[in-house]
1. Can you find a residue that is under 19 Å from the mean Cα position of the chain (by Cα) and either under 28 Å from Ile385 (Cβ atoms) or among the polar types (S, T, N, Q) (or both) anywhere in the stretch 259-278?
2. Tell me which of these Val204 doesn't satisfy, since it passes every other one: (1) out of contact with any strand residue (DSSP E or B) (no Cβ under 6 Å at 6 or more places or on another chain); (2) closer than 24 Å to Ser322 by Cβ.
3. Kindly establish whether Ala21 is more than 7 Å from the ligand (Cβ to nearest atom) and open to solvent by 20 Å² or more (accessible area, probe 1.4 Å).
4. Of the conditions (1) open to solvent by less than 40 Å² (accessible area, probe 1.4 Å); (2) within 22 Å of Cys277 (Cα to Cα), Phe85 satisfies every one except a single condition; which number is it?
5. Just one of Arg402, Arg372, Arg344, Arg362 is open to solvent by 50 Å² or more (accessible area, probe 1.4 Å) and within 18 Å of Gly166 (Cβ to Cβ); which is it?
6. Out of Val162, Val134, Val157, Val145, I need the residue that is in contact with a Ser or Thr (Cβ under 9 Å, 6 or more places away or on another chain) and surrounded by fewer than 16 Cβ atoms within 10 Å (Cβ to Cβ). Which one?
7. Within 23 Å of Leu409 (Cα to Cα) and in contact (Cβ under 8 Å) with a residue 24 or more places away in the chain: which single residue out of Leu327, Leu302, Leu347, Leu315 fits that description?
8. Tell me which residues, restricted to the stretch 12-50, are within 18 Å of Asp333 (Cβ to Cβ) and assigned to a strand (DSSP E or B).
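The values are calculated or read from the model by the stated rules, or taken from the named source; none is laboratory data. Values in this document were obtained by computation on a predicted structure and should not be read as measured data. Backbone-built Cβ (ideal geometry, glycine too); neighbour counts: all protein chains shown. Heavy atoms of the whole protein, side chains included, go into the accessibility calculation; ligands, DNA and RNA do not. Shrake-Rupley method; radii C 1.70, N 1.55, O 1.52, S 1.80 Å.
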Amino acid sequence: MSRPRARTAAVVGGGAAGLVAARELLREGHAVTVFERSRRVGGTWAYDARSDPDPLGLDPAAPGAVHGSLYASLRTNLPRELMGFSGFALEGRVFAGDPRTFPGHREVLAFLDAFAEESGVAGHVRLGAEVRRVRPLGQGERWSVEWRGDAGDAEEVFDAVVVCNGHCTVPLVPKLRGIDNWRGNHLHSHNYRTPEPFQDQIVVVVGLGASGVDIAREISKVAKEVHIASRYTQDRLGKVDIYQNVWLRSEVDCIQDDGQVCFMEGSAVTADTILYCTGYRYHFPFLDVDDFTVDDNRVGPLYKHVFPPKYAPSLSFVGLPSKSIVLQTIEMDARWVARALSGRAELPSEADMAAAVQEHNRRMEAAGKPKRHTHVLMPGWAEHIYWLAAQVGEPPLEARRRNMYEKALRCIWTMDERYRDTWDDEGGDEQEEEEENKGIE
Ligand code: FAD
């Protein structure tokens, strides 16, 4: 192989993805500038007590819209061992005085701060620098990055752009049948911070993912009733044994004329609040690129969720997929990008990458999966990590970590909050439950 090529790379975003992307790019000999629009690194993990003026948060460009989606009490849903980077673990070191296996958000933020400093990435970050427009020059041999900082607007040219702007900010809110009849409160989990506003209320939580479970449980301590609506509850419908006032319902069928929320299984409640824990949509307002769309939350075309075939490797996306060991997937994406840019990882031809994307989409359709699940790695999340590891010559995911992740999913699904404090570090769990992949929306 010829000598690795060093490139100039702009990284959009200084969250976990942007930081580890910068580290990998620097390790590979590239010159890196990280643009971060807020005043600190850490992205999502910088808890923001504010919420959007619109409780549904539908317009990310609205004045006062916030980036963060964490609630005040949030603890990680994965054990520390699954939340570090190679060579810089969250395990075995305490960063903000919270040594728990499932630490609170401050611990993760302090970990990311330390990672930025100790890896040398911090010196490459521009804070208060919002990327406003990214466009290819020529066929994408170079990239124009227009950004706004304290000193005004500027434009710079880079060989490559790595997009790491996060994907847990812009709510995905399903349009419930009859929602126009709804006169109560509603909000998306993006804007949930504390349970107090739900005192004595009847709350319908839509969605049974990790946040839905956490939030429903927290609200149940003050609310009169909590009803969780999900397509994954068919075999568990009814009151949840371990709670006095929590019911699992099937999906919401409709909102009746009188405002009652009706569930598919035939029951109905008169609720005060609908709280959507229904995930997020991808949003790249700064990208000015041909042949690239976000359609029903399918970003693409993207080869292996990272490279648009037309512009690979000079344009890339790190951290797009969900439902995996997030930080590990992000790190693998980042290493692949760094090596593809230097020429040490070879990509297929544009046509072959495009064909692979089409094939992926065709298989999804054949399996009856909706477009919006394009970047959901379940159930093949581990195979995806194996595949990425192979691209960058890393050993495959250890069985122990795979077991640990699957065990964490099962724990979430039990809805019993004690799992975080009774976790057995061995990770392995011989109990095979079918539920392991299905309740995680
Ligand atoms: P972000 O952290 O969102 O960072 C993106 C950054 O880009 C932000 O700093 C933003 O300001 C910046 N940015 C955006 N647009 C621009 C622009 N135009 N110009 C410049 N900068 C820009 N993961 C786990 O591993 N374990 C967990 O327990 C876990 N729990 C979670 C709980 C919740 C409620 C949520 C929402 C997420 C959770 N995650 C968890 C996933 C989490 O998103 C990832 O861990 C990780 O933070 C993703 O990092 P990111 O860099 O992709 O995005």
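1. Yes, the stretch 259-278 contains a residue that is under 19 Å from the mean Cα position of the chain (by Cα) and either under 28 Å from Ile385 (Cβ atoms) or among the polar types (S, T, N, Q) (or both).
2. The failed condition is (1).
3. Here the answer is no, as Ala21 does not meet what is asked.
4. (2)
5. Arg372
6. Sole residue among the options that is in contact with a Ser or Thr (Cβ under 9 Å, 6 or more places away or on another chain) and surrounded by fewer than 16 Cβ atoms within 10 Å (Cβ to Cβ): Val157.
7. On inspection, the qualifying residue turns out to be Leu327.
8. Listed by number, the residues that qualify are Val12, Val32, Val34.
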